[in-house]
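Taken together, the values in this text are just the output of simple stated rules run on the coordinates, not laboratory data. In this text, all values refer to a predicted model and were calculated from it rather than measured experimentally. Cβ coordinates were reconstructed from backbone atoms using ideal geometry, including for glycine residues, and neighbour counts include every protein chain displayed.
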Amino acid sequence: MEVLRRFDRDLLVLAAGVLVLIPVPLFLSGFLLEVAIQTLLFGLLGVAWNLMGGFAGQFSFGHAAFFGIGAYATAVVVTDYGLSPWIGMLLGAALAAAFGVLVGFLSFRYGLKGVFFALATFAFAEMLRLIFRSLEAVNAARGFNIPIQSGNPWLTLQFPQGSPNYYYVILALLALTLLVVILLMRSRAGTFILSIRENEDAAAALGVNPMRYKLLAVAVSAALTAIGGAFYVQYFFFIDPDLAFGAGVSIQILLPAIVGGIGTIWGPVVGALIIIVLGQGSTALVRTPPPFLDVLQGVSGLDVAIYGALIVLVVLFLPRGVFGTLRERLRAA
Amino acid sequence: MTVKGLKVSGRSLALLGLGIAALALLLVWGGEALAWAQDNRVVLVQAVVTGLLLGGVYSLVSMGLTLIFGVLDILNFAHGAFMALAMYASFVLVRNAGFGPYLSLLISVPLLFFIGALVQRVLLDRVMDQPHENQLLLTFGLALLIENVLLMVFTATPRTVEFPYAQTGIPLGITTIQGPLNVFGAVADLPRVIAFLGSLVIAGGLFYLLQRTSLGTAIRAVAENPDGAAMVGIDVRRMHVITFGLGTACVAAAGTLVLPFLSLQPTTGEQFNVIAFVVVVLGGLGNVVGALVGGILIGLVQELGGAFVPGVDKLFFVFVVFVLTLLLRPQGLFGRKS
């Protein structure tokens, strides 16, 4: 019962959060609006990763595979067929879920756990990257430039630069992702997923089919991640194999959950805020430093170095993430 | 599943299936492939030679990684970054202090041993009892930090170090070895040969250290059973620090040895890091000899795959081998099922 009430509260928080975030574009524009949009995007990706890596306990080091499938499905549907990116988004989500089930089935079938599972997901993502790099049908290493489509901008998901509409789209997608995860985790299936994470043998002994529920978590997580990939393509108008399937992408997807708090609903959103603000802040700092720091002008690497230091510090001092640790402290108090 | 009283596991069935498929492929395409191989003999011999020489370096990188995994149970994502660090250290010594690249080993290896030991002592030692993922993330964060500080200091401009004997050849007592060597019609660049031989020598040294000295015995005891080792008076934490130092020293040696034939960027170590994971899994986690053999195998797979199927990235074949190993023999080629 305690668990049920907690997820009901999560739904309330979600509704309130969306209401609070709707008027944000009235106060932000330009660079700050971009930061807000990226925060929501990586919040979405982090929440999606967290379903598999946190709640289901299957640490994925290759979510770029799902992100890239969503991105490429959208790019192909829009560029080669002139269809709406929403179709690409749905197609990408379905394909990513199927790929996730394939990877998950093979890995679970052969009993891969922990580090081995992480390495396997990493390997599958890298294989996709290398295949796409040499596949002429998807423009090989050149990637896709998304052409400007005519028609209703809400159908083509193309808005003028700096338009707040991107913000509303990604806010809605993030809310949808959170809703899916909250509802899934408070359902019977969600309880089974948690029980398998805690003790797979015990859960199996009680009649829960571990394979089925682990695959469910993987499939939903993959589909949601692909949605993020589809939005990415429509927002940046460009995708190539490294941007879609690179190891760096996998890291960026899992980082919000780690920094915010693995296995919590809100951790990845908090984590995304911290990471994007720090990352974009240091990028901006290097681009136009204040007078007393002008040695930093144009020095590349500082922003990622700060990322690296942040990860080290979080693991050392907040092993349960910012949100996870805070929640624990509050409960203890 | 049981067939005629013999226990048949799904895994062996899968292996059997793969074997049959391979045989069928061989029958169908074998003749053609053979004819192709005869036409392209030089390409193939060259691929074998290049793969072998490169594989030696992979071995050295992977031995450090497998040592760290075997003893500390940490999957080290900063291994490639340590390699880049060692390479930049050598680069600075060659550029600014007039060292020869091979002489700089005397500095880069001890330096990286010290840095590795320090990282274990100050950072990783605090998370030894946390889940694997946290240790993996810590080393990953460290890798980002090292690579990007290198990027800030040296920029992304590719750097090169001259091979010192390119013009003069290597004076060896009465004779002088002029490169490149000719091996059955294939070309073997001298710096690559030196890196290969150097890797073998260092591998031998590491093997001797682990098998024949009391320090090595203590390290192996810690790997086998930390509690038992502590009980007989071995300082487990000290062994962890020394082992991590040894692991980074190995990758430092590898980095300095490849410097004369590889252009250097802050991210140069990354691909070696990835390949070392493949090799370590292939050779069996913690198996130093397995890493040696696995490294050479992966070098061959990469180059032969690239020669047989041009147009596809060479690394693709490495990952195919990786996934097959993970799924079918996660204990490694030489490991026993636990």
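Note on the range B:162-210: among residues that are among the charged types (D, E, K, R) and crowded, with 18+ Cβ neighbours inside 10 Å, the one that is nearest to B:L246 (Cα to Cα) is B:R192. Restricting the search to the range A:83-136, which residues are within 24 Å of A:T177 (Cβ to Cβ), facing chain B (nearest Cβ under 8 Å) and surrounded by fewer than 20 Cβ atoms within 10 Å (Cβ to Cβ)? Result: no residue meets the conditions.
What are the residues in the range B:52-77 that are buried (at least 24 other Cβ atoms within 10 Å of the Cβ) and either more than 18 Å from B:V281 (Cα to Cα) or without any contact (Cβ under 8 Å) to a residue 24 or more places away in the chain (or both), if any? B:L53 - this is the single residue of the range B:52-77 that is buried (at least 24 other Cβ atoms within 10 Å of the Cβ) and either more than 18 Å from B:V281 (Cα to Cα) or without any contact (Cβ under 8 Å) to a residue 24 or more places away in the chain (or both). Among the conditions (1) touching a Gly at 6+ places or on another chain (Cβ under 7 Å); (2) surrounded by fewer than 20 Cβ atoms within 10 Å (Cβ to Cβ); (3) of a type in the set (A, V, I, L, M, F, W, C), B:V281 misses just one, which is (2).
Go through the range A:146-161 and count every residue that is closer than 29 Å to A:A247 by Cα and surrounded by 13 or more Cβ atoms within 10 Å (Cβ to Cβ). Total satisfying the criteria: 3. For beta carbons closer than 7 Å, sequence separation of 6+ or different chains, a first residue in the range A:151-170 that is more than 17 Å from A:V77 (Cβ to Cβ) and a second that is polar (S, T, N, Q), the qualifying pairs are A:F159/A:N165; A:G162/A:S29.
Only one entry of B:V274, B:V293, B:V301 meets the criterion of being within 11 Å of chain A (Cβ to nearest Cβ) and either among the aromatic types (F, W, Y) or assigned to a helix (DSSP H, G or I) (or both), and that entry is B:V274.
Of the residues making up the range A:287-331, those that are of a type in the set (D, E, K, R) and closer than 28 Å to B:P266 by Cα are A:R287, A:D294, A:D303. In the range B:295-312, the residues that are of a type outside the set (G, A, S) reach residues that are not in a helix (DSSP H, G or I) with C-beta atoms within less than 6 angstrom, at least six apart or across chains, in these pairs: B:Q302/B:K314.
Residues being away from chain B (no Cβ under 11 Å), under 14 Å from A:M52 (Cα atoms), surrounded by fewer than 24 Cβ atoms within 10 Å (Cβ to Cβ) and not polar (S, T, N, Q) are represented in the range A:241-263 by at least one member. Here the range A:275-333 is the region considered, the condition is being within 19 Å of A:N50 (Cα to Cα) and not in a helix (DSSP H, G or I), and the residue that is nearest to the other protein chains (Cβ to nearest Cβ) is A:P319. Taking the criterion of being over 25 Å from A:D303 (Cα atoms), more than 7 Å from chain A (Cβ to nearest Cβ) and touching a Pro at 6+ places or on another chain (Cβ under 9 Å), the only residue of the range B:109-153 that qualifies is B:P131.
Residue count for the range B:304-321 satisfying the condition of being farther than 19 Å from A:A125 by Cβ, within 14 Å of chain A (Cβ to nearest Cβ) and assigned to a helix (DSSP H, G or I): 2. The number of residues in the range B:153-182 that are assigned to a loop (DSSP other than H, G, I, E, B) and touching a Phe, Trp or Tyr at 6+ places or on another chain (Cβ under 8 Å) comes to 4.
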